[in-house]
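Asks: Below is the structure I would like to discuss, written out as structure tokens.
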Amino acid sequence: MVSNVEILYEDDDIIVCIKPAGMPSQGDKRGNKDLVRELKKHIALEAMRHKIKLTGEPYVAVVHRLDRNVRGIMVYAKTKKAAAGLSKQISENKLSKIYMAVVSIAPDKVEPQIGVTKNKVSYLLHDKVKNVSTVVDEGTKEAERAELNYEVVKVTGNKALVRVELITGRHHQIRLQMSDEFNGIVGDTKYNDDYRNATGWSELSLEAVMLSFIHPVSGKKLSFSTSAIGKEFGEI
């Protein structure tokens, strides 16, 4: 473990870790501690520990991202070949990503069905200036198709634990589509209007809990999982 980043798997080509909530996936304008920088430190320290001389700064390529305030599993490439292979899987929707979220339910809506997988398709328009996205009609200029599958796992009071399989990866997609389907994700200050009344979580209740892909060099199927939100939800 480097800093507060947990490493799940590492070889010469890739590194899989758990991104802490609050840490950006890569450097941004704020100049805060970011995951790429922390992983480069980790690689350098491991090289030093094994008395391996590095010829330059460690290579760490970003192939997918998580929002700053989302905790979860990520894979980074340590070589250009691995980066190309992982990026190809992502473009072909062959990299599987599963999330868990806690959503708040509007009292005037019918209680969601537990254990039923539903497909949701929306069209999202990203406002880069305001850093928000909105649901718009199909055919809207510059709108992107967003698709996911979701299943309500458990309902307690006005909250529900939801399992989400992300099919496309759009800006704030899960947050926005859960807001469109329910009230929104607990702790979401952008897309959940009643977040102030949804007590129990001080942070965004969204976590990337499973990641599966083919190793870009060896061809081996790899799968990693974790879950903090599911355990927390079971305690309320």
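The values are calculated or read from the model by the stated rules, or taken from the named source; none is laboratory data. What you see is a predicted model; the values in this text were computed from it and never measured. FYI the Cβ positions are ideal-geometry reconstructions off the backbone, even for glycines, and counts take in every protein chain you see. Areas reflect the complete protein model, heavy atoms only, side chains present, ligands, DNA and RNA absent. Shrake-Rupley method; radii C 1.70, N 1.55, O 1.52, S 1.80 Å.
Asks: Only Cα pairs within less than 10 Å get springs; with that Gaussian network setup on the chain, which residue of 61, 101, 47 has the largest fluctuation?
Replies: 47
Asks: Given charges of +1 on the Cβ of Lys and Arg and -1 on the Cβ of Asp and Glu, with all other atoms neutral, how large is the dipole of the chain about its Cα centre, in debye to the nearest 20?
Replies: That gives a dipole near 920 debye.
Asks: Could you identify which residue out of 185, 15, 174 has the top mean-square fluctuation in a GNM of the chain using Cα springs shorter than 10 Å?
Replies: In this elastic network of the chain, the residue with the biggest mean-square fluctuation among 185, 15, 174 is 15.
Asks: What lysines sit close enough to residue 128 to cross-link, taking a C-alpha to C-alpha distance under 22 Å and skipping anything fewer than 8 places away on the same chain?
Replies: Once the sequence-local lysines are set aside, what remains near residue 128 is 29, 141, 190.
Asks: Please report, as a whole percent, how much of the solvent-accessible surface of segment 1-147 comes from carbon and sulfur atoms (probe radius 1.4 Å).
Replies: 50
Asks: Take the Cα pairs of segment 11-55, get the Kirkwood Rh, then feed it into Stokes-Einstein at 4 °C and 1.567 mPa s and tell me D in µm²/s.
Replies: 109
Asks: Dipole of segment 1-136, Cα-centred, from +1 at each Lys and Arg C-beta and -1 at each Asp and Glu C-beta, to the nearest 20 debye?
Replies: Working: 24 positive and 15 negative charges, 72 e Å.
Computed charge dipole of segment 1-136: roughly 340 debye.
Asks: How far apart, in nm, are two points set 7 Å out from the Cα along the Cα-to-Cβ line at residue 28 and at residue 127?
Replies: Output for this residue pair reads 1.8 nm.
Asks: When the distances between all Cα atoms of segment 1-83 are binned every 10 Å from zero, what whole-number percent does each bin get?
Replies: Over segment 1-83, the share of Cα pairs per 10 Å bin runs 18, 55, 25, 3 percent.
Asks: Among 20, 58, 107, whose mean-square fluctuation peaks in a Gaussian network model of the chain (Cα, cutoff 10 Å)?
Replies: 107
Asks: Take every DSSP beta bridge with both residues inside the chain and express the antiparallel ones as a percent of the total, to the nearest 5. Provide the component values of the computation, followed by the final result.
Replies: Numbers: 55 of 58 bridges.
In the chain, approximately 95 percent of DSSP beta bridges are antiparallel ones.
Asks: On average, how much accessible surface per residue is there in the chain, in Å², for a 1.4 Å probe, leaving out ligands, DNA and RNA? Working shown, then result.
Replies: Values: 12630 Å² over 236 residues.
With the other protein chains kept in place, the chain gives 54 Å² per residue.
Asks: Right, another one. In the P(r) worked out for segment 22-133, what percent of Cα pairs fall beyond 16 Å?
Replies: Looking at segment 22-133, the distances longer than 16 Å represent 75 percent of pairs.
Asks: What is the chain's relative contact order, in percent, from Cα pairs under 8 angstrom and six or more apart in sequence?
Replies: 19
Asks: Turning to a different aspect of this structure: Determine the principal axes of the Cα atoms in the chain, then give the extent along each, sorted from largest to smallest and rounded to whole angstroms.
Replies: 63, 43, 36
Asks: In what sequence, largest accessible area first, do 62, 129, 135 appear using a 1.4 Å probe?
Replies: 129, 135, 62
Asks: Could you state the principal axis extents of the C-alpha atoms in segment 63-202, from the largest down, to the nearest angstrom?
Replies: Rounded to whole Å, the extents work out to 50, 32, 29 Å.
Asks: How much net charge surrounds residue 56 when only the other residues with a Cβ under 15 Å from the Cβ of residue 56 are counted, with Lys and Arg +1 and Asp and Glu -1?
Replies: Taking every Cβ under 15 Å from that of residue 56, the sum is +4.
Asks: How much length is gained on full extension from residue 147 to residue 51, taking 0.36 nm per residue of separation minus their Cα-Cα distance? Provide the component values of the computation, followed by the final result.
Replies: Working: separation 96, 0.36 × 96 = 34.56 nm, distance 4.70 nm.
Fully extending the segment from residue 147 to residue 51 adds 29.9 nm.
Asks: Towards the positive end of the charge dipole of the chain, with charges on Cβ (+1 Lys, Arg; -1 Asp, Glu), say which of 233, 99, 24 has the farthest Cα.
Replies: Projecting each Cα onto the dipole axis, the largest value belongs to 24.
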